Amino acid sequence: MMPPVHVMVAILRDTSGRVLITDRPPGKTQAGRWEFPGGKLERDEAPEAGLRRELLEELGVVAGPMQRLIEIHHAYPDFSVRLDVREITHFGGSPHGREGQKLKWVSPELLPQEDILEADRPIIQALRLPDFCLVTPDPTNTSRDVFLDGLQASLRGGVNLVQFRAPAVSRSDYVSLAREVLQLCRRHHARLLLNGAADLLDDVDADGIHLGSRQASRLNRRPVPLNAWLSVACHSLAELRQAQRLGADLVLISPVAATATHPQHSPIGWTGFSGLAQRANMPAFALGGMSKDDLMKAKAAGGRGIAAIRSLWCGS
C-alpha cells in the first residue's frame, strides 16, 4: 500500500475571525467544492516550509508564525492523505486566487453549511472549539450558590467550553442545576456539554453530551443528533475506535499526567496522548493533571487543547 500523501493545510483568519476557504477550480477532481488552502509537500521538504511555499504560490501571502490545529487521515478510493493542519497566527499580503480559484471568508459557525470536502470536515469542528474545556468540580462539595459563583468566575476568566459533571446527584437535581449552569454559559457565550445520558438534552437545551468510556462502550450508534456535539472519554486505542464508530465530535484523552481525582489510574504521558490524538481524526483534548501552561505541549502532541477541573476553576 502506498504511504499517505502528506498535505499541508492552512487556517487563515481575517480581523473579524472569519476563516478563508477556496474552491477547487475546473479541471481538478471535485471541482466547485470548497476546501482550506494548502497543498502537497515536495520531496524532502520541511512541513512549515512547504506550507509557506504553497500559500505564496496559491494566494500571494507570506505566512508568519503557525501552530498545529489538528491532523487528519482520510482514505479516498485510490489513495489516502494525511492532512497536517496549521493555524497561521499572522500573515502578510492580501489573499487572492493566483491559480484561478475563488476565495471566501466564512465564520467558523457557518462552515458546516458550506460544501467542503469530506477530508476537510473535521477541521470545522476543531475551529469551532476553544483551547480550554472546563470540567466542573463536584457541586455536592459546596452550596449551590457558591458553585454557581465559581462557575461564573471561571466564565468571566475566559472559559468558553464547560462540561457539567455531577455524578453524585439525582437526575432531577442534575437537570435543575444544569438549567442554571446553561443560563450562565449563554450569558457568557460559552458552550455547555452535559455529562450523562443522551436524553438529558430533552430536558436541558445544552450544546451536547459527554459520555464516559463505559457509557460509550454500550452503544452501537450515535446517541445524539448531528446538530448536537458528542464528546467521549477515551483511555485507550480501543475506546478511541469506539468513539469514532459513534461519530464523536471530540474526545477527552486521559490521564495524561497524575491526577488527584483518579489516583488509581496510571498516566499515559505525552507520548501516549500523542499516539492517540494523532489517530483520532477529530479534536482531542488532553485531560489529567493539566494546566493552562500545558496548552502548547498538547498542541505539539497533536491535540486541540486541554481539559481540566482544578486549574480552570476560579471558585474557592
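The values are calculated or read from the model by the stated rules, or taken from the named source; none is laboratory data. Since this is a predicted model, take the numbers as computed values, not measurements. So basically every Cβ, Gly included, is an ideal-geometry build from the backbone, and we count neighbours across all protein chains shown. Protein only, heavy atoms only, side chains kept; ligands, DNA and RNA dropped before computing areas. Shrake-Rupley method; radii C 1.70, N 1.55, O 1.52, S 1.80 Å.
General remarks:
- The residues of the range 140-154 that are open to solvent by less than 10 Å² (accessible area, probe 1.4 Å) and either of a type in the set (D, E, K, R) or touching a helix residue (DSSP H, G or I) at 6+ places or on another chain (Cβ under 8 Å) (or both), listed by number, are F147, L151, S154.
- Scanning the range 205-236 for residues that are over 20 Å from A307 (Cβ atoms), among the hydrophobic types (A, V, I, L, M, F, W, C) and modelled with pLDDT of 95 or more returns a single hit, L219.
- Some residue of the range 270-280 being at pLDDT below 95, of a type outside the set (D, E) and at positive phi: no
- Flag if G97 is at pLDDT 95 or above, more than 25 Å from R128 (Cβ to Cβ) and small (G, A, S): no
- Pairs meeting the criteria (first residue in the range 188-203 and in a loop (DSSP other than H, G, I, E, B), second residue open to solvent by 50 Å² or more (accessible area, probe 1.4 Å), beta carbons under 6 Å, at least 6 apart or on different chains) are A190/N160.
- Residue in the range 187-199 that is farthest from the chain's Cα centre (by Cα), counting only those that are surrounded by fewer than 18 Cβ atoms within 10 Å (Cβ to Cβ) and not basic (K, R): D199
- Selected residue [open to solvent by 20 Å² or more (accessible area, probe 1.4 Å) and touching a Gly at 6+ places or on another chain (Cβ under 6 Å)] from H74, H96: H96
- Restricting V106, V135 to those that are in contact with a helix residue (DSSP H, G or I) (Cβ under 9 Å, 6 or more places away or on another chain), within 12 Å of V19 (Cα to Cα) and at pLDDT 95 or above reduces the list to V106.
- Test: residue in the range 206-221 that is open to solvent by 50 Å² or more (accessible area, probe 1.4 Å) and aliphatic (A, V, I, L, M): yes
- The residue pairs whose first member lies in the range 32-48 and is free of Cβ contacts under 8 Å to residues at least 60 places away in the same chain and within 20 Å of I88 (Cα to Cα), whose second member is open to solvent by 40 Å² or more (accessible area, probe 1.4 Å) and part of a strand (DSSP E or B), and whose beta carbons are closer than 8 Å, counting only pairs six or more residues apart or on different chains, are K40/V5; K40/H6; L41/H6; P47/H6.
- Residue in the range 237-268 that is surrounded by the most Cβ atoms within 10 Å (Cβ to Cβ), counting only those that are of a type in the set (S, T, N, Q) and at pLDDT 90 or above: S254
- Residue among E114, E99 that alone is in contact (Cβ under 8 Å) with a residue 60 or more places away in the chain, over 24 Å from K297 (Cβ atoms), touching a Pro at 6+ places or on another chain (Cβ under 8 Å) and not aliphatic (A, V, I, L, M): E99
- Of all residues in the range 101-110, those satisfying the criterion of being open to solvent by less than 60 Å² (accessible area, probe 1.4 Å) and over 15 Å from A10 (Cα atoms) are Q101, S107.
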